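A.B. asks: Shown below is the structure under consideration.
The values are calculated or read from the model by the stated rules, or taken from the named source; none is laboratory data. Only a predicted model underlies this, so the values are computations on that prediction, with no experimental measurement involved. Glycine also receives a Cβ, built like all others from the backbone with ideal geometry; neighbour counts cover every protein chain displayed.
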Amino acid sequence: MTFAAPLFLWTLLMAIPLAAIYLLKVRPTRKPVTALFLYQRLFSERRSTRLFKRLRDLWSLLLMLLALVALSFALARPQFTKDDRKDLLILIDHSASMNARDGRGSRLDAAQALATDIIRAMNGRQRAAVAAVADTTVVLAHLTGNPRELTDAVAAIEPTHRPLHIESIASLTRDADATARRRVLLISDGCGRQFELPQTVELLTVGGPTENVGIVAADMQRMGSNEWRVFVQVLSTHAQPIDVELSLEHDAILTKLVPMQVQPGLNRPQIHTVNGGPGRWLARLRVDDALAADNEVCLVTHPPKPVRVRVDATNHTFFEHCVAAFSPSGLLHLAEDNPEIVIASGTLPDVPLALIFQPIRSGSWWSSVGEGMPVAAPRILVDDHPVLRFLDVPSMPFAGAREVTLPEHAVVIVESERGLPLIWQAGEPDHRAIVVNMDPTASEFFFSVRFPILVHAAVTHLSGRREPLAAVYATGASAPIPGAHDSTVTAVTLPATTSTTAQGTHFGPLPETGFYEFSNDAGTWLVSAAVVNPAESMLCHEDVVATAQPIARGLTPHAWFIVLAIGVILFECLLYHRRIVG
Amino acid sequence: MLTDPNFIRRLESLYLLARKVLGGSLQASRRTVHKGSGITFADYAEYSFGDDHRSIDWRVYARLEQLMIKMFEMEEDMTVYLLIDASPSMRSKHDYVRQLAAALGYIALSSLDQVAVYSLSNQLRLVMEPSAGRGRILEFLRSLEAMEIEGVASRFNDCARMFRARHRKHGMIVVLSDFLFPDGYDDGLRYLLYHKHDVFCIQAQDDRDQRCLLKGDVELACVESGQRQRVTITAREVAAYEHTLREWNESLRRTCAQRGVGLAATHTDVPFEQVIQYILRRGGLVA
């Protein structure tokens, strides 16, 4: 055993004056009495305790000396030379599931207490670092041997509503040399997506099975002028079905109250129809459970802005039905006058933007049309093109495709195995078309589910509409900023009414649940965020087990010496009190 | 202190009270039927040689020409023995018992009784010879005032035996003490009663006697013998001591009642006049 501050061992010399003072002090004061014989009658009946009383003074002196030795050792900060513990990197999970009530406090409280215990048990030669982990990892205290600094860092960790992404700690465990010199401890409840730890990370678990019900998925879609459909999926950790109520509020006014029976595990999605306008919505499960954050989901509905479409085709009925199918949701709108886009088939419209099936003659977007060519295996040339979104191109029929010559700047998206362009985009930004080289009637494409998908995707792309904002984003995800470019600076008002700015097309990760407001030159938009994460709402993952090797917890050796000294002094105080006060 | 005029005035007040209540004496029932010199007229008798010619009633001679002498009731010559405990254990109560003794002696001397004073400690010591008459009051008070704490122990039984050997003539014995005698008091009271003396005890104790004011580790030292003992006193010991003392005092009360000994127990906080008044109102120093 060595000492970090051996000079304090000189305080042991205080034992000499202490013993002298103590021996003088413990002599009882002499009290004259007039009836000693009466006192002698009393004490002759209690001779059994005389030996204890005679030795008590000696014991008291020994106790005081023991307290002095303990205090001296505590000040000298003993270190055990054979204790070759590694440095510690303590990672504390502060994701949404760590807010769950577990006993008297939250899981985060338990994790912080556990981390504090580990820090207090450091042997004086060890160093440690502290980091908070959720979807990102933030180092709060770098390697240090100062327990106060470390415990302050642990106490500074705040609860969040973010998900846990294990991959965020990967950067801390890549360095093999550093890993060999230190132990990486993750204190978590194991609730996270793809919770697979690197081998070098030891897991200390907090929390256990607990009852929780939470909304793990939600969305809202416009179904009519004033009608909306709410999509909600609920998860329960209860072993038995339970009855709860789902309330739907629009601008803080209760719109609908739905009784639900929630089954154990992940429930089937439910769709409810509500009436109301665009704005702020709140779906709330009225239940008192372990995790409150997943009982509420903020939703935002946006006013519709459909694309005005005119059909100019020989067989226009199919196209008009297709456009009309998207009208209730506000995506497309049939408009004879002043259309934004024209859908043509077998014709050659003279409009700036067009979706053209079955090209004929020559036009702005192709120069010549030849004979028909059979197509056996279409292939995609531009991956992830918005027009091909949700389309299974290899299975699409391209009957009636004809040989065409394309202008110089045309972009072929899909071609046949022989190089025949099947879908292409041509023209300038303000005068362009998507051309589909097929006869939809001959291909029986009108009866295919891919028909409306292709129409919607192409029209949306031509119109320049961005993907509409989702009704809700998960915390930790990024939300797109409408109308923003890479250089656009957007003012963001957070749910806690604090403000910040974001540069670029996205803002994220969204740090907390609630409503966000984006403002830039293009306008103002509402966005909402919620936990909506089955991994966080599950709260207990039985397949996640603690993997931590034994680790010292509790108090450091010098703290134990202090505790010993205090205990001894308290015991001596008891004896002293009995000697003086009786 | 005891010869202070104010104190003497307080004693005089007590004497006047005694005269009113008991007719002037501490012992109300001791007036005898023997006739002789006195102040209360009893009868006439024919003069015979040797009679005091001052008692001849010259008015009767003028009328009857016959020498007749006046006879008066004769009061018995009574001696009051004041036995004052002067052992070291009485140091805190010494003034108090001397005040009590002064009051009793004053009344007795004023009533023409004889008064003698002894101090009790490890031996019996005569403080004042038997004396009578109001003219001895000042001497009596001075001798009380000069009385000091003495001796090294309270040996009441030995002192009582010595007293029995010295005084066989009937008298009244007043013992003033705390009666905390290590050897007990039973034998002593028996010795005092041996010659049919009237015995009256005045037990005076103070807080140091009646309550245990100590706590914790202390070394008890007997104020008389100097004997020491280290003890630890807790609330249990305090209660036990006070219980033991109450039993001791109760035992004294029972013993006195059995032996026909009068007892007045008092505390030093009680004014001594109040104690004397109590004694007088209950009929004097009678059992």
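A.B. asks: Among the residues of the range A:417-441, what is the count of those that are over 45 Å from the mean Cα position of the chain (by Cα), surrounded by 18 or more Cβ atoms within 10 Å (Cβ to Cβ) and either of a type outside the set (Asp, Glu) or assigned to a strand (DSSP E or B) (or both)?
C.D. replies: Adding up the residues that qualify gives 5.
A.B. asks: Inside the range B:123-141, can you point out the residues that are part of a loop (DSSP other than H, G, I, E, B) and either in contact with a helix residue (DSSP H, G or I) (Cβ under 6 Å, 6 or more places away or on another chain) or closer than 21 Å to residue B:165 by Cβ (or both)?
C.D. replies: Passing the criteria: only B:123.
A.B. asks: Is it the case that residue B:185 is in contact (Cβ under 8 Å) with a residue 60 or more places away in the chain, of a type in the set (Phe, Trp, Tyr), at negative phi and within 14 Å of chain A (Cβ to nearest Cβ)?
C.D. replies: Here the answer is yes, as residue B:185 does meet what is asked.
A.B. asks: Moving on to the next point. Mind listing whichever residues of the range A:89-111 are surrounded by fewer than 23 Cβ atoms within 10 Å (Cβ to Cβ) and closer than 30 Å to residue A:566 by Cβ?
C.D. replies: Scanning the range A:89-111 gives A:103, A:104, A:105, A:109, A:110.
A.B. asks: Just one of the numbered conditions (1) within 19 Å of the chain's Cα centre (by Cα); (2) closer than 24 Å to residue A:541 by Cα; (3) part of a strand (DSSP E or B) is not true of residue A:160; which one?
C.D. replies: Unmet condition: (3).
A.B. asks: Name, by its number, the condition in (1) among the polar types (S, T, N, Q); (2) closer than 24 Å to residue B:95 by Cβ; (3) within 12 Å of chain A (Cβ to nearest Cβ) that does not hold for residue B:203.
C.D. replies: All conditions pass for residue B:203, except number (3).
A.B. asks: Restricting attention to the range A:175-194, which residues are over 28 Å from residue A:122 (Cα atoms) and surrounded by fewer than 18 Cβ atoms within 10 Å (Cβ to Cβ)?
C.D. replies: Within the range A:175-194, A:193, A:194 qualify.
A.B. asks: Quick one: would you say residue A:541 is closer than 30 Å to residue A:214 by Cα and either at pLDDT 85 or above or surrounded by 15 or more Cβ atoms within 10 Å (Cβ to Cβ) (or both)?
C.D. replies: yes
A.B. asks: Pick out the one residue from A:539, A:575, A:564, A:570 that is farther than 30 Å from residue B:233 by Cα and of a type in the set (A, V, I, L, M).
C.D. replies: Unique residue meeting the criteria: A:539.
A.B. asks: Sticking with this structure for a sec: Filter the range A:442-473 for residues that are within 22 Å of residue A:300 (Cβ to Cβ) and β-branched (Val, Ile, Thr); which is surrounded by the most Cβ atoms within 10 Å (Cβ to Cβ)?
C.D. replies: This residue is A:472.
A.B. asks: Right, something else. Residues being more than 7 Å from chain B (Cβ to nearest Cβ), loosely packed, with under 13 Cβ neighbours inside 10 Å and not charged (D, E, K, R): count how many of those fall in the range A:22-43.
C.D. replies: Number of matching residues: 2.
A.B. asks: A follow-up question, please. Looking at the range A:380-393, can you tell me whether even one residue there is of a type outside the set (Val, Ile, Thr), outside any loop (DSSP other than H, G, I, E, B) and closer than 17 Å to residue A:459 by Cβ?
C.D. replies: Yes, the range A:380-393 contains a residue that is of a type outside the set (Val, Ile, Thr), outside any loop (DSSP other than H, G, I, E, B) and closer than 17 Å to residue A:459 by Cβ.
A.B. asks: Given the conditions (1) assigned to a strand (DSSP E or B); (2) out of contact with any Lys or Arg (no Cβ under 9 Å at 6 or more places or on another chain); (3) farther than 25 Å from residue B:274 by Cβ; (4) hydroxyl-bearing (Ser, Thr, Tyr), report the number of the one that residue B:44 does not fulfil.
C.D. replies: Residue B:44 satisfies every listed condition except (2).
A.B. asks: Out of all the residues in the range B:161-188, which are charged (D, E, K, R) and crowded, with 24+ Cβ neighbours inside 10 Å?
C.D. replies: Matches in the range B:161-188: B:178 only.
A.B. asks: Additional query: Which members of the range B:221-259 meet the condition of being farther than 18 Å from residue B:211 by Cα, surrounded by fewer than 17 Cβ atoms within 10 Å (Cβ to Cβ) and more than 11 Å from chain A (Cβ to nearest Cβ)?
C.D. replies: B:253, B:254, B:257, B:258, B:259
So that you can scan it fast, the table gives a plain yes or no per residue for (1) more than 30 Å from residue B:2 (Cα to Cα); (2) under 18 Å from the mean Cα position of the chain (by Cα); (3) at pLDDT below 90; (4) away from chain A (no Cβ under 11 Å):
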{"position": "B:134", "(1), (2), (3), (4)": "no, yes, yes, yes"}
{"position": "B:152", "(1), (2), (3), (4)": "no, no, yes, yes"}
{"position": "B:167", "(1), (2), (3), (4)": "no, yes, yes, yes"}
{"position": "B:172", "(1), (2), (3), (4)": "no, yes, yes, yes"}
{"position": "B:181", "(1), (2), (3), (4)": "no, no, no, no"}
{"position": "B:213", "(1), (2), (3), (4)": "yes, no, yes, no"}
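A.B. asks: Take the range B:168-217 and flag every residue that is assigned to a loop (DSSP other than H, G, I, E, B) and among the hydrophobic types (A, V, I, L, M, F, W, C).
C.D. replies: Result: B:179, B:180, B:181, B:193, B:212, B:213, B:214.
A.B. asks: Within the range A:302-327, work out how many residues are of a type in the set (D, E, K, R) and touching a Pro at 6+ places or on another chain (Cβ under 8 Å).
C.D. replies: Matching residues across the range A:302-327 total 3.
A.B. asks: Here is a follow-up. Is the range A:253-276 home to any residue that is out of contact with any Lys or Arg (no Cβ under 8 Å at 6 or more places or on another chain) and among the hydroxyl-bearing types (Ser, Thr, Tyr)?
C.D. replies: For the range A:253-276, residues out of contact with any Lys or Arg (no Cβ under 8 Å at 6 or more places or on another chain) and among the hydroxyl-bearing types (Ser, Thr, Tyr): present.
A.B. asks: Which pairs have Cβ atoms under 7 Å, sit 6 or more apart or on different chains, and link a residue in the range A:356-378 that is free of Cβ contacts under 8 Å to residues at least 12 places away in the same chain to one that is surrounded by fewer than 20 Cβ atoms within 10 Å (Cβ to Cβ) and of a type outside the set (Lys, Arg)?
C.D. replies: Pairs found: A:362/A:368; A:362/A:369.
Yes or no, residue by residue, for (1) surrounded by 24 or more Cβ atoms within 10 Å (Cβ to Cβ); (2) modelled with pLDDT of 90 or more; (3) out of contact with any Ser or Thr (no Cβ under 6 Å at 6 or more places or on another chain):
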{"position": "B:75", "(1), (2), (3)": "no, no, yes"}
{"position": "B:79", "(1), (2), (3)": "no, no, yes"}
{"position": "B:83", "(1), (2), (3)": "yes, yes, yes"}
{"position": "B:86", "(1), (2), (3)": "yes, yes, no"}
{"position": "B:92", "(1), (2), (3)": "no, yes, yes"}
{"position": "B:101", "(1), (2), (3)": "yes, yes, yes"}
{"position": "B:105", "(1), (2), (3)": "yes, yes, yes"}
{"position": "B:110", "(1), (2), (3)": "no, no, yes"}
{"position": "B:114", "(1), (2), (3)": "no, no, no"}
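A.B. asks: I'd like the full set of residues that are among the hydroxyl-bearing types (Ser, Thr, Tyr) and surrounded by 15 or more Cβ atoms within 10 Å (Cβ to Cβ), limited to the range A:137-174.
C.D. replies: Passing the criteria: A:137, A:144, A:151, A:160, A:168, A:173.
A.B. asks: Here's another thing I want to ask about it. Going through B:112, B:144, B:104 one at a time, which residue ends up being part of a loop (DSSP other than H, G, I, E, B), in contact (Cβ under 8 Å) with a residue 24 or more places away in the chain and more than 20 Å from residue B:181 (Cβ to Cβ)?
C.D. replies: Residue meeting the stated conditions: B:112.
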